[in-house]
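Some notes on the structure that comes next.
The values are calculated or read from the model by the stated rules, or taken from the named source; none is laboratory data. These numbers were taken from a predicted model, which means no experiment stands behind them. Note that each Cβ is placed from the backbone with ideal geometry, even for glycine, and that neighbours are counted across all protein chains shown. The accessibility values were calculated without ligands, DNA or RNA, using every heavy atom of the protein model including side chains. Shrake-Rupley method; radii C 1.70, N 1.55, O 1.52, S 1.80 Å.
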Amino acid sequence: TNAMAVQLSSASDVDQALINETERMVVIRWGYDEDPLCQEADRIMEAIENECINMAVFCTVDLKEVPDFIVEHKLYDPYTIMFFYKRKPRNIFTGTSTEKYLDALFPLSEKALARVVEETYKNLVSKSTR
């Protein structure tokens, strides 16, 4: 069975997701559910979910339903993927650069996203154990 990303349907769902996850990263795809670029990003997230289960929980937020974070996180692209760890937005390590978020300009694939999740997680965990 294919894992499904967790749909967060309110600002308090988002807050709870960030508060409740203490060990893994929370990877949030912000965007518009009906957008084909969003749907492709979601498909990629769901495809790697099982492989990344110990490192990350994947969530989606439809900005039409939950506009609360648009201004705070500057969510003006078709979709924006952000990584949170211990409640805070974190830098994302792509292997070649450090980003605040991934958007439609990042060449997203299952392999690329799985590598980014792993690199970012390793970096955060090594920092938090020092």
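Hey, if we sort Met55, Met4 by accessible area with the 1.4 Å probe, largest down, what's the order? Spell out each step's value before the answer.
On the way: Met55 35, Met4 130 Å².
Descending accessible area places them as Met4, Met55.
Please report how far the C-alpha centroid of the stretch 76-98 lies from that of the stretch 1-69, rounded to the nearest whole angstrom.
For the stretch 76-98 versus the stretch 1-69, the Cα centre distance is 13 Å.
Please work out the Kirkwood hydrodynamic radius for the chain, using every pair of different C-alpha atoms, and report it in angstroms with one decimal place. Don't skip to the end; give the middle numbers.
Details: mean 1/r = 0.0685 Å⁻¹.
That comes to 14.6 Å for the chain.
Where both residues lie in the chain, what percent of DSSP beta bridges are antiparallel, nearest 5?
Details: 13 of 23 bridges.
Looking only at bridges with both residues in the chain, the antiparallel portion is about 55 percent.
If I stretch the segment between Val6 and Ile53 completely, what's the gain in nm (0.36 nm per residue apart, minus their alpha carbon distance), one decimal? Numbers along the way, then the final one.
Values: separation 47, 0.36 × 47 = 16.92 nm, distance 1.28 nm.
Net length gain for the segment: 15.6 nm.
From the square roots a ≥ b ≥ c of the eigenvalues of the alpha-carbon gyration tensor of the stretch 1-65, which class results: rounded (a/c under 1.5), prolate (a/b over b/c), or oblate?
Numbers: a/c = 2.39, a/b = 1.08, b/c = 2.23.
The shape class here is oblate.
Using +1 on the beta carbon of Lys and Arg, -1 on that of Asp and Glu, and nothing else charged, what's the dipole of the chain about the Cα centre, debye to 20? Spell out each step's value before the answer.
On the way: 15 positive and 22 negative charges, 172 e Å.
Computed about the Cα centre, the dipole is about 820 debye.
Based on DSSP H runs of at least 4 residues, each adding -39500 (n - 2.57), what is the mean residue ellipticity at 222 nm of the chain after dividing by all its residues, to the nearest 500 deg cm²/dmol? Could you put the intermediate results ahead of the total?
Numbers: 4 runs with 47 residues, N = 130.
Rounded to the nearest 500, it is -11000 deg cm²/dmol.
Given axes a ≥ b ≥ c from the Cα gyration tensor, I'd like to know whether the stretch 67-107 is rounded (a/c under 1.5), prolate (a/b larger than b/c) or oblate. Display every interim value, and only then the final one.
Working: a/c = 2.78, a/b = 1.21, b/c = 2.30.
The shape class here is oblate.
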